[in-house]
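One structure is given below, encoded as structure tokens.
The values are calculated or read from the model by the stated rules, or taken from the named source; none is laboratory data. Model, not experiment: these values are computed from the prediction. Here the Cβ positions follow ideal geometry from the backbone for every residue, glycine too, while neighbour counts run over all protein chains shown. Quick note on the areas: whole protein, heavy atoms, side chains included, nothing else; ligands and nucleic acids left out. Shrake-Rupley method; radii C 1.70, N 1.55, O 1.52, S 1.80 Å.
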Amino acid sequence: MMKLQNLKSGKNDITFKSQGLNLSAHLYTPEGFDSNGSYPAIVFSSAFNQVKEQTGAVYGSKLAERGYVTIVFDHIGYGDSEGKIRNNENAFVKIESIRDAVSFMGTLPFVDRDNLFGIGVCASGGYMALTATTDKRLKVIASVSGMMGNKASYFEAMDRETVTALIATQNAGRQKAYETGVVEYVDALGMEAEAEAVKNGATPSEGYDYYMTKRAGAETYPNYSHLSPSFMLEAPMLADATSYAPYLYTPYIFYYIKVKPTLRLKY
């Protein structure tokens, strides 16, 4: 159990429970932190396939500088958290862990429950919005470059034959894992193919420069992997925040950064 007297200003290594598993987290606290005080707080959920040491570390420290107690965590099966299937972008499992992070923050005596907020980046932008639709403990949410409309990205962007074929590859991966007990991991972002192209003189994409170099890749964060289970897309394809947008009565701030479309899911 976390001992309040051991918390310090800045980054604190902690764990909390989600669905019976231990999730590894960093709790960022403001300068001059006093566990007897009362602080606004933020639950932060990272981008697709990320670990807490990447984008979340930047946001956590900056938000703490602005007076917020902020939790950044490895979702189930990611980074230092427990979970047998690794790096599985299961939208609904992640939503449950966001809810559990909210619950955990609510147990901390120095967290002002009336000022408890959520931030989601990229894929977690959509997850945070879906969570807040039925979780009013979050008083305001925000997304940064949120993937909000997965239905449009798949079912409305592809013809019936193409999307059906894509789904079939995911189902085959699940069937194989069930029959063999072994999960096959694939390069969902096409990073390995790009690595070969870069070796031959191609200009690296922004995604490659972030995830596959010392900047933020496994060389710097050994618990990060660009690989995902071969059936990973089944759940995210169903996670469509825009479908529930009319019912998100929670105040919502979004920030969208337009970048070159260099990241592509490949199967």
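Taking a ≥ b ≥ c as the square roots of the eigenvalues of the Cα gyration tensor of segment 136-267, is the shape rounded (a/c under 1.5), prolate (a/b larger than b/c) or oblate? Note, shape of segment 136-267 comes out oblate.
Using C-alpha pairs under 8 Å with a sequence gap of at least 6, the mean separation divided by the residue count of segment 55-206 gives a relative contact order of 12 percent.
Surface composition of segment 62-106: carbon and sulfur atoms hold 49% of the protein heavy-atom accessible area at a 1.4 Å probe. For residue 242, the solvent-accessible surface with a 1.4 Å probe is about 70 Å², rounded to the nearest 10.
Under the Kirkwood approximation applied to all pairs of distinct alpha-carbon atoms, what is the hydrodynamic radius of the chain in Å? Display every interim value, and only then the final one.
Numbers: mean 1/r = 0.0518 Å⁻¹.
Mean inverse Cα-Cα distance, inverted, gives 19.3 Å.
Karplus-derived 3J(HN,Hα) values for segment 235-246, using 6.51 cos²θ - 1.76 cosθ + 1.60 with θ = phi - 60°, are 6, x, 4, 8, 8, 10, 5, 5, 5, 9, 3, x Hz; glycine and proline are entered as x. Here the extension length gained between residue 34 and residue 153 equals 38.3 nm, from 0.36 nm per residue of separation less the Cα-Cα distance.
Straight-line reach from residue 199: taking Cα to Cα under 25 Å and skipping same-chain neighbours fewer than 8 places apart, the lysines in range are 214, 260, 266.
Here the label points at residue 238 and residue 193, each 7 Å from Cα along the C-beta direction, are separated by 2.8 nm in the simple model.
Calculated on C-alpha atoms, the gyration radius of segment 148-208 divided by its Kirkwood radius gives an Rg/Rh of 1.09. Please give the contour-minus-distance gain from residue 177 to residue 139: 0.36 nm per residue of separation, less the Cα-Cα distance, rounded to one decimal in nm. Stretched out fully, the residue 177 to residue 139 stretch lengthens by 9.7 nm.
Against the criterion of solvent-accessible heavy-atom surface with a 1.4 angstrom probe, 137, 215 sort, most first, into 215, 137. Reported to the nearest whole Å, the Cα centre-to-centre distance from segment 12-30 to segment 204-249 is 20. Residues of segment 37-66 with an amide N closer than 15 Å to a point placed 7 Å from the Cα of residue 115 along the Cα-to-Cβ direction: 37-43, 63-66.
Amide H to amide H distances under 5 Å link residue 18 with 23, where only residues 5 or more positions off or on other chains count and H is placed in the peptide plane.
What the Cβ-Cβ distance of residue 80 and residue 255 gives, at R0 = 30 Å and to the nearest 0.05, is a FRET efficiency of 0.60. Taking Cβ atoms as reference points and 15 Å as the exclusive limit, the residues near residue 17 contribute a net charge of -4, counting Lys and Arg as +1 and Asp and Glu as -1. Counting only residues at least eight positions apart within a chain, or on another chain, the lysines with an alpha carbon under 20 Å from that of residue 94 are 17, 52, 84, 136, 139, 151. Across segment 56-68, computed HN-Hα scalar couplings (Karplus, 6.51 cos²θ - 1.76 cosθ + 1.60, θ = phi - 60°) run x, 5, 5, 5, x, 5, 5, 5, 5, 4, 9, x, 9 Hz from first to last residue, x flagging Gly and Pro. When a 1.4 Å probe is rolled over the protein heavy atoms, the share of accessible surface on segment 112-267 that falls to carbon and sulfur comes to 58 percent.
With contacts defined as alpha carbon pairs under 8 Å and 6 or more residues apart, what's the relative contact order of the chain in percent? Walk me through the intermediate numbers first.
Values: 517 pairs, mean separation 54.9, N = 267.
Over the chain, the number comes to 21 percent.
For the chain, the solvent-accessible area of protein heavy atoms averages 50 Å² per residue (probe radius 1.4 Å; ligands and nucleic acids excluded).
The phi torsions of segment 160-167, fed into the Karplus equation with coefficients 6.51, -1.76 and 1.60 and a -60° offset, translate into couplings of 4, 5, 5, 5, 5, 5, 4, 4 Hz, rounded to whole numbers, with Gly and Pro shown as x.
Take every DSSP beta bridge whose two residues both sit in the chain, then give the antiparallel share in percent to the nearest 5.
Working: 16 of 35 bridges.
Given both bridge residues lie in the chain, the antiparallel proportion sits at roughly 45 percent.
Accessible surface for residue 196 stands near 100 Å², nearest 10, in the context of the full protein assembly shown (1.4 Å probe).
Can you give the helix-only mean residue ellipticity at 222 nm for the chain, where every DSSP H stretch with n ≥ 4 adds -39500 (n - 2.57) and the sum goes over all residues, rounded to the nearest 500 deg cm²/dmol? Can you show the working numbers first?
Working: 7 runs with 80 residues, N = 267.
Value at 222 nm, helices only: -9000 deg cm²/dmol.
Dividing the convex hull volume of the alpha carbon atoms of segment 1-149 by its residue count gives 95 Å³ per residue.
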